[in-house]
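Peer 1: Pasting a structure below so you can have a look.
Bear in mind that the values in this text are calculations on the coordinates, not laboratory data. These numbers come from a predicted model, not from an experiment. Cβ atoms come from the backbone with ideal geometry, glycine included; neighbour counts cover every protein chain shown.
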Amino acid sequence: MRRYGMGRATAEDQRRSALMNIPIAARQRNESAALDALLDEIRCRRDEFEKLTYVPLDIVEKLQQVGVYRAFVPREFGGDALSPMSFLRLVEALSTADASTGWVASFGVSSTYLAALPPETFAKIYADNPDTVFAGSIFPPQQAVRTDGGFKVAGRWPYCSGCMGASLIGAGIRSDEGNAGGLPRMAVMPRKQVAIKHTWETVGLAATGSHDIVVEDVFVPEEWTFVRGSKAQRDDAIFRYPSMALAAQVLAVVGLGTAREALDWIHAEALSGPSITGAPSIGMRPYIQAELGRAEAQLRGARAFFYETTEEVWEAVNRGDEISPQMRVRLRLCATNAANEGAAVAQAAFRMGGASAINRGHVLVRCLLDSAAVAQHAFLGIGTWTSAGAGLLAQAVPPGFP
């Protein structure tokens with residue numbers, strides 16, 4: 001797991017080990033062994049996940065066990081209070097085993113925007129269970145009726161990734177009083193108050209369970225609603241990191257992990273014997289050597305830009321510096337770049353794979369489709385290049401972009 005930065009003891013490791021009274025080396029061995037076992041199981045079962053169209057609950061529970069959903073939860077509630085880099089590397093590692101599982105795991109980021117809830121509500125969620133799994137769908141925001149003390153919520157929302165394993169679900173709402181800065185409000189409800197309609201039938205990210213959710217006249221107290229993208233009500237360092245940028249980053253890193261899986265397959269195949277036609281192994285073919293060299297440089301360059309930008313902003317947060325608009329835009333830009341370069345690398349690997357790669361279920365066609373789906377997300381799609389360019393030139397950008 002050293003490729004994902006998990007083999008080196010950091011100051012964060014030392015703090016966590018001291019809190020748990022476990023030697024750093026022993027804790028790292030335990031965590032690494034648990035994650036390796038989970039990755040092996042995910043690889044063995046991902047065909048099953050695709051048939052289900054969602055990641056099953058027993059795997060979600062194992063994601064909880066390795067710390068996915070408590071990653072950014074404050075230590076006072078039993079969370080791990082990780083850095084963005086540590087969490088992103090964890091999602092990246094999971095994505096090398098299965099992009100859909102990495103995508104579902106990415107919603108361990110939820111506590112960073114649920115921190116916009118009143119502190120008492122946030123505490124109720126995570127003091128009871130720091131491993132709480134949240135899923136949400138915000139668009140299109142549905143009209144909600146203002147009532148005494150809250151909102152009456154009803155409607156249907158698509159693309160609720162991870163809803164099959166969630167205990168809390170959020171839905172986007174709007175009311176006649178309007179929304180702050182053009183950003184929608186989200187109403188948070190127990191899973192039992194939400195119906196899930198199985199509508200997710202896709203060729204990419206097929207197991208994310210991004211089904212429709214339906215709510216019928218549910219009363220949601222105002223203290224269980226928040227404006228998505230608004231300022232956190234806590235002052236922990238992670239809640240001062242730009243939440244909308246992080247929401248894009250945790251999705252983009254799935255594309256990096258998926259591209260890495262594709263290139264790892266090419267590396268392994270290049271060391272195998274001759275092809276079925278008797279031609280030399282792909283590793284002996286000059287055009288494959290050139291393509292692989294370009295793809296490795298492309299992926300590693302995108303990954304370096306991604307993590308270097310993340311680390312730069314995180315260091316600024318910890319110094320107490322104001323995060324400038326330009327830095328916020330670069331965070332979004334590095335996420336868009338990671339997703340799109342990941343998709344391009346997976347496509348190159350698919351071409352290198354030759355005729356065998358077109359077989360249904362082949363690892364390269366899976367990586368091709370999954371990485372393309374990542375780059376199609378609204379946070380990472382082609383329109384975000386324009387938004388980033390506008391932001392770099394101090395021009396107007398869409399609400400919530402930076």
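Peer 1: Per DSSP H run of at least 4 residues, take -39500 (n - 2.57); add these up for the chain, divide by its residues and hand me the 222 nm value, nearest 500 deg cm²/dmol.
Peer 2: -16500 deg cm²/dmol
Peer 1: Hey, what do the phi angles of the range 209-218 turn into as Karplus ³J(HN,Hα) couplings, whole Hz, using 6.51/-1.76/1.60 and θ = phi - 60°, x for Gly and Pro?
Peer 2: Whole-Hz 3J(HN,Hα) from phi for the range 209-218: x, 7, 7, 6, 10, 10, 10, 10, 6, 9.
Peer 1: Over the Cα atoms of the range 143-271, how large are the radius of gyration and the largest Cα-Cα distance (Dmax), in Å?
Peer 2: Expressed in Å, the Cα Rg and Dmax of the range 143-271 come to 18.5, 68.
Peer 1: List, in the order given, every pair from K152/K197; K51/K124; K124/K231; K124/K192 whose Cα-Cα distance in the structure shown is over 29 Å.
Peer 2: Distance filter (> 29 Å) returns K51/K124.
Peer 1: For the range 70-122 and the range 340-372, what is the centre-to-centre distance using only Cα atoms, to the nearest Å?
Peer 2: Taking the Cα centre of each part, the range 70-122 and the range 340-372 sit 28 Å apart.
Peer 1: Find which of I213, G136, T199 sits farthest along the positive direction of the dipole of the range 133-227, computed with +1 on the beta-carbon of Lys and Arg, -1 on that of Asp and Glu, about the Cα centre.
Peer 2: The listed residue farthest towards the positive side: T199.
Peer 1: Check F151: other-chain or 5+ apart residues with amide H under 5 Å from its amide H, H built from backbone geometry?
Peer 2: When sequence neighbours closer than 5 places are left aside, the close amide H contacts are V220, E222.
Peer 1: Which whole-number percent is the relative contact order of the chain (Cα, under 8 Å, 6+ apart)?
Peer 2: Dividing the mean separation by the residue count of the chain yields 16 percent.
Peer 1: Taking the inverse of the average 1/r across all pairs of different Cα atoms in the chain, what Kirkwood radius in Å do you get?
Peer 2: Computed over Cα pairs of the chain, the Kirkwood hydrodynamic radius comes out at 21.9 Å.
Peer 1: For the residue pair A268 and A316, what label-to-label distance in nm results when each label sits 7 Å from Cα along the Cα-to-beta-carbon direction?
Peer 2: According to this spin-label approximation, the distance is 4.0 nm.
Peer 1: Assuming a viscosity of 1.306 mPa s and a temperature of 10 °C, what translational diffusion coefficient in µm² per second does Stokes-Einstein assign to the range 241-392, Rh being the Kirkwood radius over Cα pairs?
Peer 2: D, rounded to a whole number, is 97 µm²/s.
Peer 1: Let me ask another. Skipping prolines and chain starts, which residues have an amide H placed within reach, meaning under 5 Å, of the one on S230, given they are 5 or more residues away or on another chain?
Peer 2: Residues meeting the amide H criterion: none.
Peer 1: Then there is this: So what J values fall out for the range 227-232 if you push phi through Karplus, 6.51 cos²θ - 1.76 cosθ + 1.60 with θ = phi - 60°, rounded to Hz, Gly and Pro as x?
Peer 2: 8, 5, x, 7, 5, 5
Peer 1: To the nearest Å, what is the center-to-center distance of the range 255-330 and the range 193-222, using C-alpha atoms only?
Peer 2: Taking the Cα centre of the range 193-222 as reference, the centre of the range 255-330 is 33 Å away.
Peer 1: Report ³J(HN,Hα) in whole Hz for each residue of the range 117-123, in order, from the Karplus equation J = 6.51 cos²θ - 1.76 cosθ + 1.60 where θ = phi - 60°; Gly and Pro get x.
Peer 2: Calculated HN-Hα couplings, in order: 5, x, x, 5, 5, 4, 5 Hz.
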